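A.B. asks: Sharing a structure with you now.
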Ligand SMILES: Cc1ncc(COP(=O)(O)O)c(C=O)c1O
């Protein structure tokens, strides 16, 4: 049997749309991107969604919005030490300085009790990550943010479908940033999207994704119908609005072909989410018997976990290493990935910030001992049972 880490489905509907789009010659961002944004906003329950090229861009552009609200270059953004490296990269790409805070061992998410110590006069925002789809402790984070007048932006890249205290992630604070890369529950192959209830943020995001242009309508008449744009020469004297640059921007648009893949995916979103969540919760339940050797996350009463993957951390004193377990799983056809690393102390690129090994004990432990396996929609109970049998076999034969 094989348990692959991920899967991707380009639906018949998407294939038809893609053929139409190619024939039409209107391939860069246009009406299908707009349709995808509207549908994604409805799904999350927010007023606005702005599609971009990647989840990393979603993080970076959401942060860059803050320059319109008093932030300065090199101001500080608080993020968890443990995440996929894109979270830290995005902070730097947006021109800010990442300030790292350790995570909790049992949730993998930023520890709210450690945040206050990291706040300085230069802090502008907290960017919690809902790692492995488990919602971060947003109530505690939001009250700290309120106390210190900080923005909160969710890195919800891995958290499609996660629910916190009755609300979808992505609408819990100022902005939510999702990845739409193939490994995620809703995909456009490569892509990202920012959700917000603030129309002003959305306008700025539309400008940021297109080089910081003054041109930022929700739906562009030129891009959707080649029609005359009545605003084109109406601002700033006679200058062409498309060549007025109001802020430092990015080149981060989504194209129509990607939106077509996403629209096809959205038609089956509920099915995909339910199948993945059944797999995740089934594995979480069966895995509890291995708790003296390995841990996973637990679901709390007031949340639903976004079923991104099944995370595992090997306990201290388990008697085996992560790599021996990973190799055993691979020999049985079960693909896995490491569970990321402590960005400030285990990723070389961040060394210039001056953190030392030992500064983030939980993130570093998970960095050395964590892995995750797929729970995607092409897996079911048979594959989950096979995985549990293989863990049993490993513990019986090799310990
Ligand atoms: C937590 C987190 N943030 C950001 C990203 C970046 O997304 P992308 O790969 O679409 O740039 C990812 C990628 O999966 C992620 O896991």
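A.B. asks: Take the conditions without any contact (Cβ under 8 Å) to a residue 60 or more places away in the chain, within 14 Å of the ligand (Cβ to nearest atom) and either buried (at least 17 other Cβ atoms within 10 Å of the Cβ) or not assigned by TED's automatic domain parsing to the domain that holds residue 158 (or both) and apply them to residue 323. Does it pass?
C.D. replies: no
A.B. asks: Which residues, taken from region 172-227, are out of contact with any strand residue (DSSP E or B) (no Cβ under 6 Å at 6 or more places or on another chain), part of a strand (DSSP E or B) and within 16 Å of the ligand (Cβ to nearest atom)?
C.D. replies: 181, 189
A.B. asks: Which condition from (1) on the phi > 0 side of the Ramachandran plot; (2) not in a loop (DSSP other than H, G, I, E, B) is the one that residue 154 breaks?
C.D. replies: Result: residue 154 fails condition (1) only.
A.B. asks: Next question. Within region 330-341, does at least one residue satisfy the condition of being over 27 Å from the mean Cα position of the chain (by Cα), surrounded by fewer than 20 Cβ atoms within 10 Å (Cβ to Cβ) and in contact (Cβ under 8 Å) with a residue 12 or more places away in the chain?
C.D. replies: Taking every residue of region 330-341 in turn, at least one turns out to be over 27 Å from the mean Cα position of the chain (by Cα), surrounded by fewer than 20 Cβ atoms within 10 Å (Cβ to Cβ) and in contact (Cβ under 8 Å) with a residue 12 or more places away in the chain.
A.B. asks: For a quick check of your reading of the model, give me the residue pairs whose first member lies in region 356-376 and is not assigned by TED's automatic domain parsing to the domain that holds residue 334, whose second is part of a helix (DSSP H, G or I), with beta-carbon atoms closer than 9 Å and at least 6 apart or on different chains.
C.D. replies: So the pair list comes out empty.
The values are calculated or read from the model by the stated rules, or taken from the named source; none is laboratory data. This is a predicted model, so every value here is computed, not measured. Glycine also receives a Cβ, built like all others from the backbone with ideal geometry; neighbour counts cover every protein chain displayed.
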